[in-house]
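Here is the structure we will look at.
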Amino acid sequence: MKIEKGNNGNLLIEKWKEFEVSKLFTIKSPASRSIKKYDEGDTPYVSSGSVNNGIISYLSPKKDEKLEEGNCITVSPLDGSSFYQENDFLGRGGAGSAISLLYNSELSKYNALFICTVIKKASSRFGYSDALTSDNLKTLKLK
């Protein structure tokens, strides 16, 4: 993710190009989980909410359960809400409103926050009937 700047230090946005999300990110889905099967704890449970970084609860993982790795972007299929997750977490997987996870080794907190805003803006063309599923996310074009 190279960022070009002009002599005055401003971003050269006229050189930006469109790209498909799947060309820059590995897209994963979290394990299927039901919040009802967990006890309260200290691990964030990230779902398809549009506030609080998508965190709807703090839970205690099951013994030997693998958490979703942090340093990723979570995307809600319902409204395109996108958040940077710095730390490991439990993600809402399964069907319906399961989140998608975007990974790139060059991701940082700052470029992720920018990309989250761009994804949210680009996702405005999707409605409830044609949610931003992981398949739609793969071909979503961002500038």
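Observations on the structure shown:
- Annotation for segment 122-131: no member residue is within 12 Å of the chain's Cα centre (by Cα) and under 23 Å from Trp16 (Cα atoms).
- In the set (1) modelled with pLDDT of 95 or more; (2) farther than 24 Å from Phe19 by Cβ, the condition left unmet by Thr74 is number (2).
- The set of residues from segment 97-111 being among the small types (Gly, Ala, Ser) and touching a residue at least 40 places away in the same chain (Cβ under 8 Å) comprises Ser97, Ala98, Ser100.
- Filtered residue count, segment 78-96, keeping only those that are touching a helix residue (DSSP H, G or I) at 6+ places or on another chain (Cβ under 8 Å) and touching a residue at least 60 places away in the same chain (Cβ under 8 Å): 1
Condition check ((1) in a helix (DSSP H, G or I); (2) open to solvent by 70 Å² or more (accessible area, probe 1.4 Å); (3) β-branched (Val, Ile, Thr); (4) out of contact with any Phe, Trp or Tyr (no Cβ under 9 Å at 6 or more places or on another chain)) across all residues:
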position	(1), (2), (3), (4)
Asn53	yes, no, no, no
Pro77	no, no, no, no
Asn87	no, yes, no, yes
Ala95	no, yes, no, yes
Leu102	no, no, no, no
Leu113	yes, yes, no, no
Lys120	yes, yes, no, yes
Asn136	yes, no, no, no
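The values are calculated or read from the model by the stated rules, or taken from the named source; none is laboratory data. This is a predicted model, so every value here is computed, not measured. Every residue, glycine as well, gets a Cβ built from its backbone with ideal geometry; the counts of neighbours run over all protein chains shown. These area figures cover heavy atoms from the full protein model, side chains too; ligands, DNA and RNA do not enter into them. Shrake-Rupley method; radii C 1.70, N 1.55, O 1.52, S 1.80 Å.
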